């Protein structure tokens, strides 16, 4: 049977395994809902980028919003990666995992003064600035701290990435980046402001992109701007092309990372920009197919028009299907010989939008375990405590062993920071 996603996911005698370990045993050992990741699968995905970039000036910055567990970050630290962050909290996570601030780029449209000061004090490599107002604010904060902020301007190249509108970030009506036709003026402003040092140019056109063409279109527009900015007397040292490469959830066929990077480098060489340092910010393509979400079948509820399979995982554990109408494969951990039926796999949260998969052909019984595949990115990172539900535990498979890398939350911990009103007379 062909399973979408990672080559590290397979069946042996009907049992679903990740990186050689039976997922049924992990569900029984650690309980459900449970996220499980393969360290080997993460490193395998990373190696495609690293091979393609070998011998070139580059920095791979893992976009940690995809999955920010400390053990995941530790894996990328050990592999020599930098990090793309979008908050002060993410910077603290990088440092807690042993990462170096001088290998961090700070993105995001709404950096606060406190976050700017925090990043300056830590010594981040670069701020990816997304507006002229942010340039002025960062200049004020940097001069007030007697520091210099290295900046790269995120430019919106107005390229359609052909992805879901919620994760498309490179069109002119998106909130991200500086408009292409304002870019040169913004660079002049940056070069004139005290406390700032211009270092590069940045763009990121979206996520779950499955074609090469949008990346190359964006690159061409960025290279056009680099040439225009340098004609204005402002040197651009590095080009940051962001991330966004998609993964296989069902029948998508995204290019392999090494193929994509090879075409980017060839385009840069052809246009005379091969000497420049290249930064990339992959996220989903590194961790998405390295993880699964395990869940137990609580109740089977046949109906006149739909059959409902009610599981113990819910939209608070994995919001992608609800938020993006995302299709994610769902597989039983142990195959049954009985005939399949068509089920909507839903959770216990009090929302009709609480579903993990619709119209799935599955052979099930109450007490079975299921795996939602390709759940390593934007799964646990977007989980919430809606309905006062503790978030799942997380496990990492490394070296043939499963290690608990996040304990399951307790209900008490969810309201430990809340306070009752003091009763008056």
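The values are calculated or read from the model by the stated rules, or taken from the named source; none is laboratory data. Here the structure is a predicted model, which means the values were calculated and not measured. Note: ideal-geometry Cβ built from the backbone for every residue, glycine included; neighbour counts use all protein chains shown.
Quick look at the numbers
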quantity: Qualifying position, being within 22 Å of the chain's Cα centre (by Cα) and buried (at least 21 other Cβ atoms within 10 Å of the Cβ), among 110, 99; calculated: 99
quantity: Meets criteria (within 23 Å of residue 260 (Cβ to Cβ) and within 17 Å of the chain's Cα centre (by Cα)) for residue 45; calculated: yes
quantity: Yes/no for residue 324 being touching a residue at least 60 places away in the same chain (Cβ under 8 Å), over 30 Å from residue 68 (Cα atoms) and surrounded by fewer than 24 Cβ atoms within 10 Å (Cβ to Cβ); calculated: no
quantity: Matching residues, the range 105-121, being over 30 Å from residue 181 (Cβ atoms) and in contact with a strand residue (DSSP E or B) (Cβ under 8 Å, 6 or more places away or on another chain); calculated: 120
quantity: One residue from 244, 274 being in contact with a helix residue (DSSP H, G or I) (Cβ under 7 Å, 6 or more places away or on another chain) and under 18 Å from residue 52 (Cβ atoms); calculated: 274
quantity: Of the criteria (1) surrounded by fewer than 17 Cβ atoms within 10 Å (Cβ to Cβ); (2) assigned to a loop (DSSP other than H, G, I, E, B); (3) modelled with pLDDT of 95 or more, which one residue 92 fails; calculated: (2)
quantity: Test result for residue 253, under 13 Å from residue 208 (Cα atoms) and modelled with pLDDT of 95 or more; calculated: no
quantity: Matching residues, the range 48-72, being under 18 Å from residue 291 (Cβ atoms) and more than 12 Å from the chain's Cα centre (by Cα); calculated: 48, 70, 71
quantity: Residue 204 being part of a loop (DSSP other than H, G, I, E, B), within 20 Å of residue 178 (Cα to Cα) and in contact (Cβ under 8 Å) with a residue 24 or more places away in the chain; calculated: yes
quantity: Counted residues, the range 211-253 - those being under 29 Å from residue 196 (Cα atoms), free of Cβ contacts under 8 Å to residues at least 40 places away in the same chain and in a helix (DSSP H, G or I); calculated: 4
quantity: Hey, residue 409 free of Cβ contacts under 8 Å to residues at least 60 places away in the same chain, part of a loop (DSSP other than H, G, I, E, B) and assigned by TED's automatic domain parsing to the domain that holds residue 298 or not; calculated: yes
quantity: Filter result (farther than 19 Å from residue 195 by Cα and either assigned to a helix (DSSP H, G or I) or without any contact (Cβ under 8 Å) to a residue 12 or more places away in the chain (or both)) within the range 102-128; calculated: 103, 110
quantity: Count of residues meeting criterion [surrounded by 15 or more Cβ atoms within 10 Å (Cβ to Cβ) and free of Cβ contacts under 8 Å to residues at least 12 places away in the same chain] in the range 141-155; calculated: 0
quantity: Residues located in the range 170-189, provided they are modelled with pLDDT under 65 and crowded, with 21+ Cβ neighbours inside 10 Å; calculated: 170
quantity: Residues that are out of contact with any strand residue (DSSP E or B) (no Cβ under 9 Å at 6 or more places or on another chain) and surrounded by 19 or more Cβ atoms within 10 Å (Cβ to Cβ), drawn from the range 194-231; calculated: 218
quantity: Subset of the range 366-403 [surrounded by 15 or more Cβ atoms within 10 Å (Cβ to Cβ) and more than 20 Å from residue 316 (Cα to Cα)]; calculated: 368, 396, 397, 398, 402
quantity: Answer residue from the range 129-150, given it is assigned to a loop (DSSP other than H, G, I, E, B) and over 26 Å from the mean Cα position of the chain (by Cα) and is nearest to residue 240 (Cα to Cα) among those; calculated: 148
quantity: Residue list for the range 3-27, restricted to those being free of Cβ contacts under 8 Å to residues at least 60 places away in the same chain, more than 25 Å from the chain's Cα centre (by Cα) and not in a strand (DSSP E or B); calculated: 13, 25
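Each row is one residue, and each column tells you yes or no for (1) assigned to a strand (DSSP E or B); (2) more than 15 Å from residue 284 (Cα to Cα).
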| position | (1), (2) |
| --- | --- |
| 42 | no, no |
| 45 | no, no |
| 59 | yes, yes |
| 71 | no, yes |
| 76 | no, no |
